[in-house]
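Everything below concerns the one structure shown next.
The values are calculated or read from the model by the stated rules, or taken from the named source; none is laboratory data. Remember, predicted model here, so these are calculated numbers, not experimental data. Don't worry about glycine lacking a Cβ; one is built from the backbone with ideal geometry, like all the others, and counts go over all protein chains shown.
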Amino acid sequence: MRDGNGAVRDDGRVKEATGRFSGQEVRDLVETGQTGQTGQTGQTGQTGQTGQTVVLLDADGVRRALSRIAYEIIERAAGIDDVVIVGIRTRGWHLAERLAGRIRQIEGYTVPCADLDASPFRDDRVRRPGQPEQKAALAPLIAGRQVVLVDDVLYTGRTVRAALDALTSAARPARIQLAVLVDRGHRELPIRPDYVGKNIPTARLERIRVRLSEVDGEDAVLLQKEGEHA
């Protein structure tokens, strides 16, 4: 089938290119056990109280999503030599390293990359004293620069808010942008990402699990439908 521009339309590929699923499509995937990425059957079945699990992105899907984000960062940057990538621990840090590596492959320039512990700045936990070592390391790296903050899943926005506080307590960047592999919705704060690998509308009882080879031994994004008592 062709779309209005004459391009060949394949629903699975169109979803992959745009990175968007509707809420009904996600629910259909959970019921059928299909992936939104390739149309292959995902891993389903009852596992205690966790319900069904569907593979939304496999290793190739994660790689393509990160490549797309890397290209978008390059296109939007006023100058790639002014960009710093900061990853929120733990998985955001590994994604940040991958993005920096992909930009290096494309542009031949090594973008500075750093990790960030946002936990002392969270407002839903008992606040801990700031980390002077982290501030000292970040300050010269981000001051006056374009910072791309990276995390694996954007949910309520509270982790990102804490990360923004951590960054601005260390120095004053020229600009801060947000890149996430998955945006699952349900924001509690007015935070919106600038770069998204995959938009996946979810229900509150569902969970998005991002698995990365550096931590989990494989790359995948899983949708897990929680049981009623999970």
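Can you tell me which residue is surrounded by the most Cβ atoms within 10 Å (Cβ to Cβ) among those in the stretch 97-107 that are basic (Lys, Arg) and under 19 Å from the mean Cα position of the chain (by Cα)?
Arg98
If Val147 meets every condition in (1) more than 20 Å from Leu66 (Cβ to Cβ); (2) touching a residue at least 24 places away in the same chain (Cβ under 8 Å); (3) hydrophobic (A, V, I, L, M, F, W, C); (4) surrounded by 16 or more Cβ atoms within 10 Å (Cβ to Cβ) apart from one, which number is that one?
Val147 satisfies every listed condition except (1).
Would you mind telling me which numbered condition in (1) modelled with pLDDT of 95 or more; (2) more than 19 Å from Ile69 (Cα to Cα); (3) buried (at least 18 other Cβ atoms within 10 Å of the Cβ); (4) touching a strand residue (DSSP E or B) at 6+ places or on another chain (Cβ under 8 Å) Arg161 fails?
(4)
Would you check which residues across the stretch 165-187 are closer than 24 Å to Asp81 by Cβ and of a type in the set (S, T, N, Q) and list them?
Thr168, Gln177
Determine which single condition Thr110 fails, assuming it passes every other condition in (1) hydroxyl-bearing (Ser, Thr, Tyr); (2) buried (at least 18 other Cβ atoms within 10 Å of the Cβ); (3) free of Cβ contacts under 8 Å to residues at least 60 places away in the same chain.
Single failed check for Thr110: (2).
Right, Gly51: at pLDDT below 95, assigned to a loop (DSSP other than H, G, I, E, B), touching a Lys or Arg at 6+ places or on another chain (Cβ under 8 Å) and among the small types (Gly, Ala, Ser) or not?
yes
On the given criteria, is Gly197 in contact with a Gly (Cβ under 9 Å, 6 or more places away or on another chain) and surrounded by fewer than 19 Cβ atoms within 10 Å (Cβ to Cβ)?
no
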